[in-house]
1. Counting only residues that are closer than 30 Å to residue 45 by Cα and away from the ligand (no atom under 14 Å from the Cβ), give me the strands (runs of 3 or more DSSP E) lying completely in segment 226-307 with at least 3 of them.
2. Please work out if residue 31 is within 15 Å of the chain's Cα centre (by Cα), part of a loop (DSSP other than H, G, I, E, B) and surrounded by fewer than 17 Cβ atoms within 10 Å (Cβ to Cβ).
3. Looking only at segment 193-220, how many residues end up being loosely packed, with under 14 Cβ neighbours inside 10 Å and out of contact with any strand residue (DSSP E or B) (no Cβ under 9 Å at 6 or more places or on another chain)?
4. Would you check which residues across segment 101-117 are more than 8 Å from the ligand (Cβ to nearest atom), over 13 Å from residue 23 (Cβ atoms) and assigned to a strand (DSSP E or B) and list them?
5. Taking segment 329-355 on its own, how many of its residues are assigned to a loop (DSSP other than H, G, I, E, B) and within 41 Å of the chain's Cα centre (by Cα)?
6. Among the residues of segment 309-320, is there at least one that is within 13 Å of the ligand (Cβ to nearest atom), out of contact with any helix residue (DSSP H, G or I) (no Cβ under 8 Å at 6 or more places or on another chain), closer than 30 Å to residue 17 by Cα and not in a strand (DSSP E or B)?
Ligand code: AMP
């Protein structure tokens with residue numbers, strides 16, 4: 001017997017209903033904010049992903065050579081592909097350009113709950129602006145999107161990589177040392193961070209000071225630390241503006257400043273943000289994004305870019321953990337021909353209803369009434385239509401409500417009109 005590959009999943013029809021519900025909610029929210037959907041290939045040239053992140057990323061992705069000897073990779077994320085598409089084809093479009101996607105991604109991760117080798121990301125790229133109102137709108141959209149799916153408990157954190165770099169410089173950390181501490185900060189491994197800082201010859205006071213500033217959400221403390229650094233001061237002002245817009249214009253009052261957001265990928269630059277669902281435990285990050293630079297690296301004309309990606313699968317796990325009551329789709333009608341002589345009429349009735357956008361199934365096994373009704377019930381049919389010779393003589397059928405058991409005769413020519421009432 002065959003088994004599915006490690007880290008992949010099959011989805012039953014019940015699971016697909018949940019996935020489609022979340023997908024529809026996400027797609028509608030993007031469209032609500034004026035974003036337009038695009039699609040890129042599932043595999044790309046490997047270099048697209050190694051160019052910025054280096055050869056190390058090969059360890060974490062599915063890469064292969066095709067029969068023509070081309071080095072390819074299954075996409076681990078969609079920002080690089082979307083920017084490649086933009087540089088190739090979309091540079092002349094009016095700005096800002098608001099693009100969104102929903103697509104499968106592949107990573108050679110260690111599978112666990114909320115972490116898969118094949119998963120779906122829903123994300124967007126905002127190209128051509130980096131005003132505080134643009135960033136605030138982007139962050140608000142991510143937040144609303146997750147709220148609209150029905151999630152009750154999510155936390156929004158906003159940080160800034162320019163401020164973080166300035167803090168690193170204040171403590172005289174070299175580029176190499178910065179690279180070393182970033183993942184420790186990201187994973188909130190404070191003990192290991194202390195050891196590393198001590199190895200870098202910071203004294204105890206400096207270490208405490210460093211950890212305090214990284215952990216603080218107090219903007220005054222950050223302001224004091226970065227004092228005379230002009231670019232950092234500007235970014236801090238921007239952060240304050242974004243937070244104000246989120247509160248005053250979008251009524252999002254529970255965002256928190258967090259300096260320890262470092263983001264995994266190497267191309268982020270300024271404002272960054274993350275949304276977490278605490279209910280998920282270890283793999284609690286639902287969404288990550290911010291401002292980044294990739295266009296120039298891919299040979300395009302410089303223009304500001306920001307975006308985010310929502311972990312679609314984790315959103316569903318979080319909703320399940322919160323015991324969300326997902327809407328289920330029911331079959332509108334199940335048509336039962338009473339005998340083989342009325343099969344043609346039964347098919348015609350089913351087809352008439354289908355043309356009018358009802359979901360309709362019909363007994364295709366020539367079952368007796370009892371068995372057919374049982375099957376209709378197992379398929380969650382709201383109503384059954386019983387087509388029998390006596391009713392047909394009166395150009396009618398019997399419609400049975402499967403919930404109440406109520407039955408009534410209805411003229412075939414009037415079915416659609418009756419249903420519309
Ligand atoms: P990233 O591109 O790493 O910033 O990831 C964006 C989002 O995708 C994360 O916040 C997760 O929710 C989701 N994600 C990343 N890796 C995986 C994975 N292996 N399985 C499921 N979801 C993932």
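1. On the way: elements: 255-257, 268-276, 285-292.
Ranges flagged: 268-276.
2. Working: within 15 Å of the chain's Cα centre (by Cα): yes; part of a loop (DSSP other than H, G, I, E, B): no; surrounded by fewer than 17 Cβ atoms within 10 Å (Cβ to Cβ): yes.
In short, no.
3. 10
4. Matches in segment 101-117: 106, 112.
5. Applying the first criterion (assigned to a loop (DSSP other than H, G, I, E, B)) to segment 329-355 yields 329-330, 338-339.
From what's left, within 41 Å of the chain's Cα centre (by Cα): 329-330.
Within segment 329-355, residues that are assigned to a loop (DSSP other than H, G, I, E, B) and within 41 Å of the chain's Cα centre (by Cα) number 2.
6. Looking through segment 309-320, at least one residue is within 13 Å of the ligand (Cβ to nearest atom), out of contact with any helix residue (DSSP H, G or I) (no Cβ under 8 Å at 6 or more places or on another chain), closer than 30 Å to residue 17 by Cα and not in a strand (DSSP E or B).
Condition check ((1) within 14 Å of the ligand (Cβ to nearest atom); (2) in a helix (DSSP H, G or I); (3) more than 30 Å from residue 95 (Cα to Cα)) across all residues:
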| site | (1), (2), (3) |
| --- | --- |
| 122 | yes, no, no |
| 126 | no, no, no |
| 130 | no, no, no |
| 141 | no, yes, no |
| 153 | no, no, yes |
| 165 | no, yes, no |
| 168 | no, yes, yes |
| 173 | no, no, yes |
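A quick yes/no check of all residues on (1) at pLDDT 90 or above; (2) touching a helix residue (DSSP H, G or I) at 6+ places or on another chain (Cβ under 7 Å):
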{"position": "232", "(1), (2)": "no, yes"}
{"position": "236", "(1), (2)": "yes, yes"}
{"position": "241", "(1), (2)": "yes, yes"}
{"position": "252", "(1), (2)": "yes, yes"}
{"position": "263", "(1), (2)": "no, no"}
{"position": "269", "(1), (2)": "no, yes"}
{"position": "273", "(1), (2)": "yes, yes"}
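The values are calculated or read from the model by the stated rules, or taken from the named source; none is laboratory data. Predicted model only: the values in this text are computed from it and were never measured. Positions of Cβ are backbone-derived with ideal geometry, glycine not excepted, and every protein chain shown enters the neighbour counts.
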